[in-house]
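Novice: For reference, the structure I am asking about is given below.
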Amino acid sequence: MRNYVEIGKGREARVGYRLSDVSIVPNRRTRSSKDVDTSWHIDAYSFDIPVMSHPTDALASPEFVIEMGRLGGLGVINAEGLWGRHADLDAAIQRVREATMGGDGDFDFESTRPIAVLQELHAAPIDETLLTERIAQVRESGTTLAVRVSPQRARELAPLVIQAGAELLIIQGTLISAEHVAEGGEPLNLKEFIGALDVPVIVGGVVDYSTALHLMRTGAVGVIVGGGTNTNEPTLGMDVPMATAIADAAAARRDYLDETEGRYVHIIADGDIFTSGDAAKAIACGADAVMLGLPLADAAESAAHGLFWPSTAGHPRFPRGAVYSSAVFAAEDNDTSPSLETILLGPTSSAFGDRNFVGGLRRAMAKGGYTDLKSFQKVDLTVCR
């Protein structure tokens, strides 16, 4: 039964739960973490770990994307980011880094300068030749390549990135619907659009049952739940707790599975995931994989070397993301950036879940008594508040 509370006469609101509000219940029969399988299979593609990177220039240097693939995850490129706008990618990112520094040389979280710089950098037109060359460069490494486009520019950019070598297309905004309507323009009907493409498509983000079900009916192979690290709450007043959002999307997947007599759509959780415990709880709530952003920014291979911003931070009129420093959130305090391998696979000396994400997930699965991701979605949960 859904839990509603009265917030005033004649107005009710549903009670929702964040990942921090729930906890995984260990089973009476545990297993060795060595016996746990964390592999994830979506469409024709298989990955050793259920981890995608958020599509942001703060993470996705070519080296980062290739290393994500080597480690068994999926790196994602933002087709509307800086890759196709600036030939000197390092110099563009350095401008953002310099804008984050206050007068004392420390990171200034309250400054609007980094966003202004991102807006200026994103105002440059997309050079289709440059974008194509950079996508092809990563594709030639043999890494499975995923590229993100926004719903607004999907019709324009999808054919370009697919021709350049994208194997998975991600149509993603902080909030998305099955039919994007723009006044004076032709609406983007995702069902028709996806049906005409030759590659599998992942869409998102969503935060409710109805939208998740509608997006599953478009033919997408995966639905992203959540909008990553964003500022939707202060800017739009929208902030659905992730544990509830994932569980609702999982219910939509179950109903769609019955409706289609067996077509399974994957759920990728993107938001509120900062530790390995958060990742484990996201999958326990019903996700098949997680999309990590800020936790990966500290990696030595990340493009911005300790800074993070979501793909929506450079919006020209209404940005819904800030520039963050990973040092503010990291539990370990040292002068050397950890490798991406350490953050994802360990080993680590941190006891706070900000390193060895997959190791934490494996142990949570083992303590719950499960050996694969799908069965782990059935683990018991308890509410902690």
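Novice: Which one is farthest from residue 22 (Cα to Cα), of the residues in segment 334-363 that are touching a Lys or Arg at 6+ places or on another chain (Cβ under 8 Å) and open to solvent by less than 30 Å² (accessible area, probe 1.4 Å)?
Specialist: Within segment 334-363, the match that is farthest from residue 22 (Cα to Cα) is 338.
Novice: To continue, here is another question. Condition check: aliphatic (A, V, I, L, M), more than 16 Å from residue 213 (Cβ to Cβ) and not in a loop (DSSP other than H, G, I, E, B). Does residue 300 satisfy that?
Specialist: It is false that residue 300 is aliphatic (A, V, I, L, M), more than 16 Å from residue 213 (Cβ to Cβ) and not in a loop (DSSP other than H, G, I, E, B).
Novice: Taking into account only those residues within segment 255-270 that are open to solvent by less than 10 Å² (accessible area, probe 1.4 Å) and part of a loop (DSSP other than H, G, I, E, B), which is farthest from residue 90 (Cα to Cα)?
Specialist: Among those that are open to solvent by less than 10 Å² (accessible area, probe 1.4 Å) and part of a loop (DSSP other than H, G, I, E, B), it is 265.
Novice: Filtering segment 234-254 down to residues that are open to solvent by 20 Å² or more (accessible area, probe 1.4 Å) and within 25 Å of residue 76 (Cα to Cα), which residue is modelled with the lowest pLDDT?
Specialist: 239
Novice: Of everything in segment 82-99 that's within 15 Å of residue 302 (Cα to Cα) and not charged (D, E, K, R), which residue is most open to solvent (accessible area, probe 1.4 Å)?
Specialist: In this case the residue turns out to be 94.
Novice: Suppose we keep only residues that are farther than 21 Å from residue 310 by Cβ and part of a loop (DSSP other than H, G, I, E, B) within segment 138-152. Which one would you say is most open to solvent (accessible area, probe 1.4 Å)?
Specialist: Filtering first and then ranking leaves 140.
Novice: Further question: With respect to residue 196, is the statement that it is out of contact with any helix residue (DSSP H, G or I) (no Cβ under 8 Å at 6 or more places or on another chain) and either open to solvent by 10 Å² or more (accessible area, probe 1.4 Å) or among the small types (Gly, Ala, Ser) (or both) true?
Specialist: Yes.
Novice: Within segment 207-220, work out how many residues are touching a strand residue (DSSP E or B) at 6+ places or on another chain (Cβ under 6 Å) and open to solvent by 20 Å² or more (accessible area, probe 1.4 Å).
Specialist: Residues flagged as touching a strand residue (DSSP E or B) at 6+ places or on another chain (Cβ under 6 Å) and open to solvent by 20 Å² or more (accessible area, probe 1.4 Å) within segment 207-220 amount to 0.
Novice: Same structure, new question: What's the number of the only condition in (1) open to solvent by 20 Å² or more (accessible area, probe 1.4 Å); (2) over 30 Å from residue 94 (Cβ atoms) that residue 231 fails to meet?
Specialist: Going through the list (1) open to solvent by 20 Å² or more (accessible area, probe 1.4 Å); (2) over 30 Å from residue 94 (Cβ atoms), residue 231 breaks only (2).
Novice: Cβ-Cβ under 6 Å, sequence separation 6+ or interchain: first residue in segment 86-110 and among the acidic types (Asp, Glu) and modelled with pLDDT under 90, partner part of a helix (DSSP H, G or I) and open to solvent by 80 Å² or more (accessible area, probe 1.4 Å). Which pairs?
Specialist: none
Novice: Is it the case that segment 227-236 has a residue that's of a type in the set (D, E, K, R) and touching a Gly at 6+ places or on another chain (Cβ under 8 Å)?
Specialist: no
Novice: A follow-up question, please. Given the conditions (1) of a type outside the set (D, E, K, R); (2) surrounded by 14 or more Cβ atoms within 10 Å (Cβ to Cβ); (3) in contact (Cβ under 8 Å) with a residue 60 or more places away in the chain, which single one is not true for residue 123?
Specialist: Going through the list (1) of a type outside the set (D, E, K, R); (2) surrounded by 14 or more Cβ atoms within 10 Å (Cβ to Cβ); (3) in contact (Cβ under 8 Å) with a residue 60 or more places away in the chain, residue 123 breaks only (2).
Novice: Might you let me know whether segment 271-289 holds any residue that is over 22 Å from residue 69 (Cα atoms), assigned to a loop (DSSP other than H, G, I, E, B) and open to solvent by 30 Å² or more (accessible area, probe 1.4 Å)?
Specialist: Among the residues of segment 271-289, at least one is over 22 Å from residue 69 (Cα atoms), assigned to a loop (DSSP other than H, G, I, E, B) and open to solvent by 30 Å² or more (accessible area, probe 1.4 Å), which makes the answer yes.
Novice: Here is a further query. Scan segment 7-37 for residues that are open to solvent by 70 Å² or more (accessible area, probe 1.4 Å), outside any loop (DSSP other than H, G, I, E, B) and small (Gly, Ala, Ser) and jot them down.
Specialist: Once the filter is applied, which keeps residues that are open to solvent by 70 Å² or more (accessible area, probe 1.4 Å), outside any loop (DSSP other than H, G, I, E, B) and small (Gly, Ala, Ser), segment 7-37 yields only 20.
Novice: Considering each of 39, 46, 33, 20 in turn, give the residue that is within 25 Å of residue 308 (Cβ to Cβ) and among the hydroxyl-bearing types (Ser, Thr, Tyr).
Specialist: Going through 39, 46, 33, 20 in turn, the sole match is 20.
Novice: While we're on this one: Could you say which residue among 135, 66, 115, 77 is open to solvent by less than 10 Å² (accessible area, probe 1.4 Å) and in a helix (DSSP H, G or I)?
Specialist: Of the residues listed, the single one that is open to solvent by less than 10 Å² (accessible area, probe 1.4 Å) and in a helix (DSSP H, G or I) is 135.
The values are calculated or read from the model by the stated rules, or taken from the named source; none is laboratory data. These figures come from a predicted structure and were not determined experimentally. Here the Cβ is made from the backbone with ideal geometry for all residues, glycine too, and neighbour counts use every protein chain on show. With ligands, DNA and RNA removed, areas are computed over all heavy atoms of the protein, side chains included. Shrake-Rupley method; radii C 1.70, N 1.55, O 1.52, S 1.80 Å.
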